1. Could you tell me whether Phe40 is of a type outside the set (D, E, K, R) and either in contact with a Gly (Cβ under 7 Å, 6 or more places away or on another chain) or surrounded by fewer than 20 Cβ atoms within 10 Å (Cβ to Cβ) (or both)?
2. Could you grab me the full set of residues in the stretch 51-84 that are among the small types (Gly, Ala, Ser) and under 10 Å from Ala38 (Cα atoms)?
3. Take the residues in the stretch 1-32 that are under 19 Å from Lys81 (Cβ atoms) and among the aliphatic types (A, V, I, L, M); name whichever of them is modelled with the lowest pLDDT.
4. Which ranges mark the helices (runs of 4 or more DSSP H) fully within the chain that have 2 or more residues being on the phi > 0 side of the Ramachandran plot?
5. Looking for something surrounded by fewer than 21 Cβ atoms within 10 Å (Cβ to Cβ), more than 9 Å from the chain's Cα centre (by Cα), closer than 13 Å to Ile67 by Cα and without any contact (Cβ under 8 Å) to a residue 24 or more places away in the chain - is there at least one such residue anywhere in the stretch 14-32?
6. Just checking, how many residues over the stretch 25-84 are of a type in the set (S, T, N, Q) and in contact with a Lys or Arg (Cβ under 8 Å, 6 or more places away or on another chain)?
Amino acid sequence: MSIITFILSAIIALIIGTVADKVSPVKMPGSWAGAIVAGFIGAWIGPLLFGTWGPIVAGFSLVPALIGAIIVVIVIGIIAKVLD
């Protein structure tokens with residue numbers, strides 16, 4: 001993986017995580033770093049649960065990655081509220 005590929009992947013993960021944070025009923029802790037983590041985890045979990053369909057950008061199947069990131073944001077947001 002080249003540095004350009006990593007930067008592009010991080011930007012796509014940030015966008016996916018930010019959209020998931022805005023759409024979900026709970027908020028993701030950690031600001032932009034939390035959004036990147038949610039985007040990467042969502043891009044990993046989403047295609048496992050829902051398959052790879054929809055547009056694919058930089059190795060991310062966008063629709064399943066977004067759905068997976070929303071799930072991650074909700075779960076982490078609930079855990080953060082319980083622990084707070």
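The values are calculated or read from the model by the stated rules, or taken from the named source; none is laboratory data. Every value quoted in this text rests on a predicted model; they were computed, and no experiment measured them. Glycine gets a Cβ as well: all are built from the backbone with ideal geometry, and neighbour counts include every protein chain shown.
1. Numbers: of a type outside the set (D, E, K, R): yes; either in contact with a Gly (Cβ under 7 Å, 6 or more places away or on another chain) or surrounded by fewer than 20 Cβ atoms within 10 Å (Cβ to Cβ) (or both): no.
Criteria not met by Phe40.
2. Start the filter on the stretch 51-84 by keeping residues that are among the small types (Gly, Ala, Ser), which leaves 51, 54, 58-59, 61, 65, 68-69, 77, 80.
Residues satisfying the conditions are Ala65, Gly68, Ala69.
3. Quick first cut of the stretch 1-32, residues under 19 Å from Lys81 (Cβ atoms) only: 17, 20-31.
Right, trim to among the aliphatic types (A, V, I, L, M) and you get 20, 23, 26, 28.
Numbers: Ala20: 93, Val23: 92, Val26: 89, Met28: 85.
Here the answer is Met28.
4. On the way: elements: 3-23, 31-50, 62-83.
Answer list for the chain: none.
5. Kept after step one, since they are surrounded by fewer than 21 Cβ atoms within 10 Å (Cβ to Cβ), are these residues of the stretch 14-32: 14-15, 18-19, 22-27, 29-32.
Filter again for more than 9 Å from the chain's Cα centre (by Cα), leaving 22-27, 29-32.
Add one more test, that the residue is closer than 13 Å to Ile67 by Cα, and what stays is 22-24.
Now drop any that are not without any contact (Cβ under 8 Å) to a residue 24 or more places away in the chain, which leaves 22.
Yes, the stretch 14-32 has at least one match.
6. Going through the stretch 25-84, the residues of a type in the set (S, T, N, Q) turn out to be 31, 52, 61.
Remaining after also requiring in contact with a Lys or Arg (Cβ under 8 Å, 6 or more places away or on another chain): none.
Counting residues in the stretch 25-84 that are of a type in the set (S, T, N, Q) and in contact with a Lys or Arg (Cβ under 8 Å, 6 or more places away or on another chain) gives 0.
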